[in-house]
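Worksheet: one structure, shown below.
The values are calculated or read from the model by the stated rules, or taken from the named source; none is laboratory data. Predicted, not measured: the structure shown is a model, and the values here were computed from it. Positions of Cβ are generated from backbone atoms using ideal geometry, with glycine treated the same way; all protein chains shown enter the neighbour counts. SASA here: full protein model, heavy atoms, side chains in, ligands and nucleic acids out. Shrake-Rupley method; radii C 1.70, N 1.55, O 1.52, S 1.80 Å.
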Amino acid sequence: MSTLEIKDLHVSIEGKNILKGVNLTMKTGEIHAIMGPNGTGKSTLSEAIMGHPAYKVTKGEVLLNGENILDLPVDERARAGLFLAMQYPAEIPGVTNAEFIRGAINARRPEDDAISIKNFLKQLDETMSVLDMTEEMADRYLNEGFSGGEKKRNEILQLMMIKPKFAILDEIDSGLDIDALKVVSRGVNKMRGPEFGSLIITHYQRLLNYIVPDVVHVMMGGRIVEQGGPELAKRLEDEGYAGIRDELGLDIKLVDEDA
Amino acid sequence: MADASMLGLGGEYKYGFKDDIQPILTTGEGLNEEIVRQISAAKNEPDWMLDFRLKSFRRYEQMEMPDFGPDLTTLDLNHINYFRRDSDKIARNWEDVPEDIKKTFDRLGVPEAERKYLAGSSAQYESEVVYHNMREDFEKLGIVFMDTDSAVQQYPELVKKYFGKLIPPSDNKFAALNSAVWSGGTFIYVPKGVRTEVPIQSYFRINAGNSGQFERTLIIVDEGASVNYVEGCTAPNYSEDSLHAAVVEVNVLKNAYCRYTTIQNWSDNVYSLETKRAQALENGTMEWVDGNLGSKVTMKYPSVYMNGEGARGTMLSIAFAGKDIVSDTGARMIHNAKNTSSSIVSKSLCKDGGRVDYRGKVRFGRTSDGSFSHVECDTIILDEKSASDTIPFNEIKNGNVSMEHEAKVSKISEEQLYYLMSRGITEEKATEMIIMGFVEPFTKELPMEYAVELNRLIEYQMEGSVG
Amino acid sequence: MTVEFESYPEIKSYAESVAEPKWFTEMRIKALEAQPALELPNFEKIRYQRWPIQVKKALKKFSSDSDLLEELDIEEAKYLVVQLGQDTVREKGLTELEEQGVIICDWQTALEQHSDLVQKYFMQKAVKYDEDLLTAQHVANLTSGLFVYVPKNTVVKEPLTTYFVQDATTKADYVHHVIIVTEKNSEFSYLENLTTVGSEKTTANIIVEVIAGTDSHVKFASVDRLGTNTTTYLNRRGHLEDNAKIDWSMGMMNDGNIVGDFDSDLVGNGSHSEVKVVAISTGKQVQGIDTRVTNIGRHTIGHILQHGVILSRSTLTFNGIGHIIKGAKGSDAQQESRVLMLSTKAKGDANPILLIDDNDVTAGHAASVGRVNQEQLYYLMSRGLPKKVAERLVIRGFLGPVLAAIPSKKIEEQLKVTIERKLVDGQTDE
């Protein structure tokens, strides 16, 4: 069993403070969801955990099995067991999806023990079929010209092939139709088990019908303001974020509200 | 893949070995009219060729060095050995090639490649072709593939008709020089309607220090015929500077097709100043595939003159300039007839203080109604010591044409790097992946063994580039 | 070096007639003496060297007949300066600006009343007197111009509109200089109209220097309509300090041969230049336009947009040069050059050049040459517009980036009329 602890995390981007002390602890075997209105710092949290260079941690720690990972470069964090399914994956022309995923797997293995092509292709084929992906997706250039839905599926494909300890899914449901949402959820659910934990970031409760979380966190104004079980997500869907804000007496302006 | 090593691309310039070969004939350093005569006499040439050489030599003496591009002041033209002969006859069988030279080529892997992949191959060592063979079935089709010296003797009419026509000696100083002292090179004639799928390959190698290599290649693809020609170049490491000033003329006649693939990987003391030009007649297609990885200085702007209606010209190139390398290359597409089309895709990389420049031209002449050109130049500058200029000229003299031109210069994309690294791939490996992806449009057009070798070379170049 | 006035009687007598300060006359003589060693500037693919572009006539003061202005349609503006030849004919609203400390005056007045300020900026920061033969001739023969000084923290919202009318009823050279200095944290908007009256074969040598101080913002718009028989060297150059910004919008609607040399030197960190040039070439004219942005400071931004239309037997050359100097980290150089060819006898060049000496940068260019967008044409014609009208509308859209930046509705309308006239001329000429 592994643990991921976020302690009093403060993060700024371009000099602007976004996260103002986030605390969260999770273990493998658990699925956590973070919900919150637009502009509240959910994506900042995921990029800061992963180590995007533009996000500056000004205070706090992120511990993986007790070790602070904030000093590690992004690739070492990944090999330590973190995975981020990104909202806007980069496109890399000329590099095929298959060769990239194989490279990512081999990066986790000793140099003289690369995964055999046969083995790799077998796993890839199986995983792609779980995700209803056509074979040609393996030979296309990484994310280049992928539709929104294809990109999301491709993130989950990588997740399933790489098998991280903790996966952060940053709005994996945005831009997906119901069928694609089910497929993506199927992939994540297949990963569920004692050696896998996931932090799901979403606006909507809908995704959580398919991937039922153990814990739901509500984030507002750069902090986690409320925690609960799956029923919390349902409550949010009914009452909106304004309801919970007012109940907690928070002085936070929601983006869509008029001044 | 054993054949892959033939290109001499991989590793720590692994073809930097030098063979100690005593030449049978050499004209010594420097150049004068007497030497030009000597070269011609040594080849037992007809008078018209001697005249051509002498006229060219006079031209050469009058002409100025190029007024653009890299600095050539360190190139001492008086300190070059303009002609040497290492073997006294062209061998027909590999076994007949002199032992020392054979050893060199064995290290390069020429014969294996020939056996396995190629329609024919010819190997040039210093100034003359020493080994030459071709698969019989191609000979039966009437394809002529030989060194240009032999072609002057055996196909004088064809040579006379095309030699020096696309690139007259007056074109530039180095074309004039080549015209005066040329030796060796490849001659290909593909008769009407003959189409070959397998590449024909030639090989160039400069062995001795400060020796010039002035090969002269002439290709004629007759109506409806096609050919795919591949050449690779290597040179050992020397402290003295060598000069390579080739002239290549390709004639693609009506409905014909030619692809000409070059991988230049001279060592970093070679000046590679080449003139390559093709013409494509009615519905003919000329494709240049051009990779430049080595040389101290490269100046090369392969061109296609689209002289017949519906002709097509393309250029696909990569240039990688490492430490102390100046690569000044590009393509020229000259639209002289209706409904012609051209495309240029140029990918450039530089690092460790290398300089990689794109210098190109697209011209639409008065009579180029309905023509089209597309140009894309992308450059990645890998570190802050390196630099790159993109200098394209687009001249339009016809109102009914269209042209699109795009170029980008940047460092490695941080977003791409972050994405790959977020999957656990190291920075070094991720950088390499992005670079491989960047040049992929080029590598995918190469014959397999070249592609593999090219990737190996780039991997080598990229080593230690991070951190 | 002591300058011998006596050896240059023409300059001496001119200098005395206008009572210009000694330093300025000395500079003229230095520029004159520098000329034998200087060459004409080289612009890629623009062959203008044989044109009568050199200023050769003796320095001479003359007055123009103000009735000549009647044939021009001068738009009223809140702040207005009208100059005809060497004379200042009208000034309007300038006293109001003077109260804010803004200096706007013609060249003679500037030399008389603000000699120190002029000396500080004239051919010092943006352009140097001995850069080439044309800049040296400019200094030696300069007879008219405008000086604008905007002190720090001063915002001039309404644009200053100027009309500089070349008097080509005589063969006199037209040598004109504009300096715009904006001090720290100021804002200034400017609209320049260059036109010609008369039709003698003449030479114009015009230099504009914009020196944008830290955090200042200059909007520079121009409508250039010099005459058919005027051969022009037009140099507009910006010198930008930290976080300064210049927006250039230039409509090149001249009828004669012209070399336009438009440069921005992004010297200060974070400085930013947007250069937009549209041009129409008609008749047999040759217009060569060389637009360059040099990124020197860190995080500087240089964008060039050039749209041109070529008609009849004319020639238009667009060079766009983005040069990022080593050390200009985080800088961006982008350019777009588009040319529409409307005649089979015309000639056009679009040469987008990138010179990149640092790697932590983004740079790009796009260029295209083609005909009028056929989709747009089809759409308009399907609504019943005749082809030529539809074509002109599409072209006007193509020239839109500069039209939209003209800070005066009336002058924008005038520019549209000019465009329409040039296009109709070109269309009938085919």
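So with the 1.4 Å probe, I'd like the accessible area per residue for chain C, rounded to whole Å². About 37 Å² of surface per residue is accessible.
Against the criterion of solvent-accessible heavy-atom surface with a 1.4 angstrom probe, C:Ser7, C:Ser264 sort, most first, into C:Ser7, C:Ser264.
Sorted largest first by accessible area at a 1.4 angstrom probe radius, with every protein chain in place, the residues B:Glu29, C:Glu99, C:Glu274, B:Glu215 fall in the order C:Glu99, B:Glu29, C:Glu274, B:Glu215. Accessible area per residue for chain A is 44 Å², calculated with a 1.4 Å probe on protein heavy atoms, without ligands, DNA or RNA.
For C:Ala346, the residues whose modelled amide H falls within less than 5 Å of its own, excluding neighbours fewer than 5 places apart on the same chain, are B:Gly399.
Residues in segment B:77-83 carry Karplus couplings, in order, of 5, 8, 10, 10, 8, 7, 7 Hz; the curve used is 6.51 cos²θ - 1.76 cosθ + 1.60 with θ = phi - 60°, and Gly or Pro positions show x. Averaging the Cα positions of each part gives two centres, and for segment C:205-257 and segment A:149-165 these lie 54 Å apart. For segment C:167-180, the Karplus equation 6.51 cos²θ - 1.76 cosθ + 1.60, evaluated at θ = phi - 60°, returns couplings of 8, 9, 7, 10, 8, 4, 5, 10, 10, 9, 9, 10, 10, 10 Hz by residue, with Gly and Pro reported as x. Spin-label model, A:Arg109/A:Asn189: points 7 Å from Cα along the beta carbon direction are separated by 3.1 nm. Of the residues C:Gly302, A:His10, B:Ser402, the one whose Cα sits farthest towards the positive end of the charge dipole of the protein assembly as shown is B:Ser402 (charges of +1 on Lys and Arg Cβ, -1 on Asp and Glu Cβ, taken about the Cα centre). FRET efficiency for the pair C:Thr170 and C:Lys387, taken as 1/(1 + (r/R0)^6) with r the Cβ-Cβ distance and R0 = 45 Å, rounds to 0.55. Taking every protein chain into account, the 1.4 Å probe leaves A:Arg206 with about 90 Å² of accessible area, to the nearest ten. Only protein heavy atoms count here; on that basis, with a 1.4 Å probe, B:Arg37 has an accessible area of about 90 Å². Helical runs (DSSP H, four residues minimum) scored at -39500 (n - 2.57) apiece and divided by the length of the protein assembly as shown put the mean residue ellipticity at 222 nm at -8000 deg cm²/dmol. In whole percent, how big is the carbon plus sulfur part of the accessible area of the protein assembly as shown, probe 1.4 Å, protein atoms only? So the carbon and sulfur contribution to the accessible surface is 46 percent. Contact order, relative form, for segment B:413-467: 36 percent (alpha carbon pairs under 8 Å, 6 or more residues apart, mean separation divided by residue count). Among the listed pairs B:Lys300/C:Lys329; B:Lys361/C:Lys347; B:Lys408/C:Lys409; A:Lys163/B:Lys429; C:Lys388/C:Lys416; B:Lys361/C:Lys245, a Cα-Cα separation exceeding 26 Å is found for B:Lys300/C:Lys329; B:Lys408/C:Lys409; B:Lys361/C:Lys245. Backbone amide hydrogens, once placed in the peptide plane, bring C:Val339 within less than 5 Å of C:Gly308, C:Ser368, C:Val369, C:Gly370, excluding anything fewer than 5 places away on its chain. Taken along the Cα-to-beta-carbon direction at a fixed 7 Å, the label points for A:Asn38 and B:Asp324 span 5.9 nm.
Using a simple spin-label model with pseudo-atoms 7 Å out from Cα toward Cβ, B:Asn44 and C:Asp425 lie 7.2 nm apart. For B:Thr262, the residues 5 or more places off, or on other chains, whose built amide H falls under 5 Å of its own are B:Glu231, B:Val289, B:Asp290, B:Gly291.
Cross-link list C:Lys92/C:Lys276; B:Lys55/B:Lys140; B:Lys351/B:Lys444; B:Lys165/B:Lys338; B:Lys276/C:Lys284; A:Lys56/B:Lys323: which exceed 26 angstrom alpha carbon to alpha carbon? From C:Lys92/C:Lys276; B:Lys55/B:Lys140; B:Lys351/B:Lys444; B:Lys165/B:Lys338; B:Lys276/C:Lys284; A:Lys56/B:Lys323, over 26 Å: C:Lys92/C:Lys276; B:Lys55/B:Lys140; B:Lys276/C:Lys284; A:Lys56/B:Lys323.
Once C-alpha pairs closer than 8 Å and six or more residues apart are averaged by separation and normalised to the residue number of chain C, the relative contact order reads 10 percent. Each peptide among B:150-160, A:209-219, C:338-348, B:290-300 gets the average number of other Cβ atoms lying within 10 Å of its residues, and from highest to lowest they stand as B:290-300, C:338-348, A:209-219, B:150-160. FRET efficiency for the pair C:Lys92 and B:Glu428, taken as 1/(1 + (r/R0)^6) with r the Cβ-Cβ distance and R0 = 56 Å, rounds to 0.25.
Heavy-atom accessible surface of C:Val361, to the nearest 10 Å², is about 10 Å², with a 1.4 Å probe and all protein chains retained.
What the Cβ-Cβ distance of C:Glu44 and C:Asp67 gives, at R0 = 60 Å and to the nearest 0.05, is a FRET efficiency of 0.90.
For chain A, the relative contact order comes to 28 percent (Cα pairs under 8 Å, sequence separation of at least 6). Here the Debye sum runs over all C-alpha atoms of segment B:413-467 as equal scatterers in vacuum, and log10 of I(q)/I(0) at q = 0.16, 0.19 Å⁻¹ comes out as -0.50, -0.67. If only the Cβ of Lys and Arg carry +1 and only the Cβ of Asp and Glu carry -1, the dipole of chain C around its Cα centre is close to 1440 debye. Buried between C and B is an accessible area of approximately 2600 Å², summed over both sides with a 1.4 Å probe.
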